[in-house]
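Structure first, then comments.
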Amino acid sequence: MEISIESLKAPCICGKTHPLFVNDLWIESGALRRLPELLHAYHSPAVICDENTYAAAGKTACAMLPNCVCIKLPARNLHANERGVALAKEQLKNAPDILVAAGSGTVHDITRFIAHEKGIPFISVPTAASVDGFVSTVAAMTWEGFKKTFSAVSPLYVLADTDIFSKAPQCLTASGVADLLGKYTALADWKASHLLTGEYICPHICELEDKALQTLRGCLPELAKGSKEAYETLMYGLLLSGLAMQMAGNSRPASGAEHHLSHLWEMEAINSYVDAYHGQKVGVGLLLAADVYHRAAKKLRAGAGTVPYHSIETALLKEKFPEHLLHSILKENDPDPMANLTDETLLAKETELADILDAVPTTAELSAILEQVGGVRTMADIGLDASLRTDSLRLSPYVRNRLTVMRILKRFDFYEEVIS
Ligand SMILES: [Zn+2]
Ligand SMILES: [Zn+2]
């Protein structure tokens, strides 16, 4: 699987030249063996892993690097939060000049955050095809309970070793599939915002995400059988999606309503702790969002009306969010991303909006894909009571200052019907 970084750096049809911070990436059997050569100019590397990924990759990586500090974090209850960062920093006594993240999403976010703080580079060794954020430039962290996106750094190189990530637990691979499928609603949200507010969009970046999705769809039967080539194809799709985010400069191409649902559940505002992987939460969010979007498309085609809109639902937010999150939520929603959205535009673009929504595969299709790879699908599957569905749909758009269809639908007269 080849990804040409150089060709992505060329001036784009959208008029921009997109930044890319990854120098190179490899998806191949034995990729980890490239590590010593890539690190030859560094003197005090540190490898960050957890107990599980130590066995999968950390141990081999450390053995390859003389003078290396090996930081093994506890696998249980490890999250990308202030505690995870503190645990890693406690053991980082050698003033490292480069970090190696040997793990899945959480280990990467902790490493990326520390690398940014210390102003040093890092190298990514993904141990599972579980998320699309390996090459992200931002770290998705839960900081004092609030799910936040921090400026961080992209890896210099990605060494995706098939011999390692194809042996990851199947639920992690299914999470990767779900995270990638989430691009369907994320792209719909971006396109809808562009349609209604003129927000910048890049057709080339959308194409890359589409390509990532098409590649994934093509490899599903083989992936279900456990073929190594199919694992590489999934990893290719995930890295491509990560590069699309780098090019956009933020997660707009890869994160929309489906991720907002996941973030809301992680904040534990209306629910207790959800013990599930990122992609599992995103997959469940995706199925909820796709269902709402298709029901909304039908209403839009039938000719819907708008409702008077003044501002964000402050009273509702005060009622539903605990005190320690409320301040951050209100701040996040200032300015209101819907402030400049007029009723005239909404009414004039109903059919075009419906077209965007109908391009998202149906809930049945998405559910069948997740079932094929053994992924979770319902709120109950991740320990959430189905009675939280409506509140989740209503509140999740407020976790980010980003216009999504899930938020736009609040402006239509059928809103209550499609979220109930
Ligand atoms: Zn572009
Ligand atoms: Zn994601």
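Net charge in the neighbourhood of ALA178 (other residues with Cβ under 10 Å of its Cβ; Lys, Arg +1, Asp, Glu -1) is 0.
Among beta bridges from DSSP that stay inside the chain, the antiparallel ones total about 25%. Compared with the rule-of-thumb size 2.2 N^0.38 Å for a compact globular protein, the chain has a Cα radius of gyration ratio of 0.96.
Each part reduced to its alpha carbon centroid, segment 24-82 and segment 107-177 end up 12 Å apart.
Just so you know, the averaged projected area of the alpha carbon convex hull for segment 149-292 sits at 9.8 nm². When the Gaussian network model of the chain links Cα atoms closer than 10 Å, the mean-square fluctuations of ALA380, ALA188, ALA57 top out at ALA380. Partners of LYS299 within straight-line reach, counting lysines whose Cα lies under 27 Å from its Cα and excluding those fewer than 8 residues away in the same chain: LYS183, LYS191, LYS349, LYS410. Amide hydrogen proximity for CYS12: with H placed 1.01 Å from N in the peptide plane, the residues at 5 or more positions away or on another chain lying under 5 Å are THR17, HIS18. With all distinct Cα pairs included, what does the Kirkwood hydrodynamic radius of segment 78-165 come out to in Å, to one decimal, could you say? This gives a value of 12.9 Å.
Summary: within the chain, the longest segment free of trypsin sites (Lys or Arg not before Pro) located in DSSP loops with at most 10 other C-beta atoms within 10 Å is 94-420. Exposure proxy for ASP161, ASP179: other Cβ atoms within 10 Å of each Cβ, ordered fewest to most, give ASP161, ASP179.
The ellipsoid that matches the Cα gyration tensor of segment 268-420 has semi-axes, each √(5λ) in whole angstrom, of 25, 23, 12, with the longest given first. THR53 sits among other residues whose Cβ lies under 10 Å from its own Cβ, and their net charge, with Lys and Arg +1 and Asp and Glu -1, is 0.
Per-residue Cβ neighbour counts within 10 Å put THR351, THR233 in the sequence THR351, THR233, beginning with the fewest.
The share of Cα pairs per 5 Å bin across segment 1-149, counted from zero up to the longest distance, runs 2, 9, 18, 22, 20, 13, 9, 5, 2, 0 percent. Roughly what angle does helix 170-181 make with the longest principal axis of the chain, taking Cα atoms, 0 to 90 degrees, to the nearest 10? Between helix and principal axis, roughly 50 degrees. When both segment 353-400 and segment 245-265 are represented by their alpha-carbon centers, they are found 15 Å apart. Comparing SER262, SER166, SER29 in a Gaussian network model of the chain (Cα springs below 10 Å), the most mobile by mean-square fluctuation is SER29.
For LYS59, which aspartates and glutamates qualify as cross-link partners when the Cα separation must be under 13 Å and same-chain residues fewer than eight apart are set aside? Cross-link targets: ASP50, GLU51. Binning all Cα-Cα separations of segment 271-314 at 5 Å, short to long from zero, yields these whole-percent fractions: 5, 16, 13, 14, 19, 16, 11, 7, 1. Look at TRP265, TRP26 and count the other Cβ atoms within 10 Å of each Cβ; fewest to most, that gives TRP26, TRP265.
Every number here is computed from the coordinates shown, using simple stated rules; none is lab data. What you see is a predicted model, and the numbers here were worked out from it, not measured in a lab. Every residue, glycine among them, receives a Cβ derived from its backbone with ideal geometry; neighbour counts consider all protein chains shown.
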